[in-house]
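Undergrad: Just dropping this structure here.
The values are calculated or read from the model by the stated rules, or taken from the named source; none is laboratory data. Since this is a predicted model, take the numbers as computed values, not measurements. Counting neighbours? That spans all protein chains shown, and the Cβs are built from the backbone with ideal geometry, glycine included.
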Amino acid sequence: MRFFEILDSLLKERGAAAKLSASMGIPESLIGYWRRGEKQPRLENIVKLCEYFNVSSDELLGIKRPTTPEGEQSELTEHQELIAVISNELKLMDVEKLKAFKAFLGA
């Protein structure tokens, strides 16, 4: 499942968007955008959502971690999770800021 589908399911199971928006101090309309997959939440709001619903970020973002034969989580998946979070944040940044960051990195 994708984030917006998971959020929609959590809201149907555990509470209304109005309660969530009041708890997070954000407009209910923003939750509607997330719920429809039209916008992605910022990192700080992902943390608040996890706390509100008492779920892990993996569960909220629909990340399934492969396991090694010994049942331990792979290091690579931790990097993949970080890349996914950064990717979502980059989608929210404007192009000029990204170009400036790219120039700063010398890429």
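Undergrad: Output yes when any residue across the stretch 69-76 is modelled with pLDDT under 90, part of a helix (DSSP H, G or I) and exposed (fewer than 10 other Cβ atoms within 10 Å of the Cβ), and no when none is.
TA: Looking through the stretch 69-76, at least one residue is modelled with pLDDT under 90, part of a helix (DSSP H, G or I) and exposed (fewer than 10 other Cβ atoms within 10 Å of the Cβ).
Undergrad: Moving to a separate point now. Can you tell me how many residues within the stretch 25-46 are surrounded by 12 or more Cβ atoms within 10 Å (Cβ to Cβ) and either under 15 Å from the mean Cα position of the chain (by Cα) or within 15 Å of residue 3 (Cβ to Cβ) (or both)?
TA: 14
Undergrad: Applying the selection to the stretch 6-34, what residues are closer than 19 Å to residue 89 by Cα and part of a helix (DSSP H, G or I)?
TA: 6, 7, 24, 30, 31, 32, 33, 34
Undergrad: One residue is enough: does the stretch 55-62 have a residue meeting the conditions in contact (Cβ under 8 Å) with a residue 60 or more places away in the chain, surrounded by 12 or more Cβ atoms within 10 Å (Cβ to Cβ), within 17 Å of residue 82 (Cα to Cα) and among the small types (Gly, Ala, Ser)?
TA: Yes: the stretch 55-62 contains one or more residues that are in contact (Cβ under 8 Å) with a residue 60 or more places away in the chain, surrounded by 12 or more Cβ atoms within 10 Å (Cβ to Cβ), within 17 Å of residue 82 (Cα to Cα) and among the small types (Gly, Ala, Ser).
Undergrad: Restricting to the stretch 35-55, name every residue that is in a helix (DSSP H, G or I) and either of a type in the set (Asp, Glu) or within 16 Å of residue 12 (Cβ to Cβ) (or both).
TA: Those that are in a helix (DSSP H, G or I) and either of a type in the set (Asp, Glu) or within 16 Å of residue 12 (Cβ to Cβ) (or both): 35, 36, 44, 49, 51, 52, 53.
Undergrad: Oh, and also: Pairs please, first residue from the stretch 9-23 and free of Cβ contacts under 8 Å to residues at least 24 places away in the same chain, second anywhere and assigned to a helix (DSSP H, G or I) and surrounded by fewer than 13 Cβ atoms within 10 Å (Cβ to Cβ), Cβ atoms under 8 Å, 6+ apart in sequence or on different chains.
TA: none
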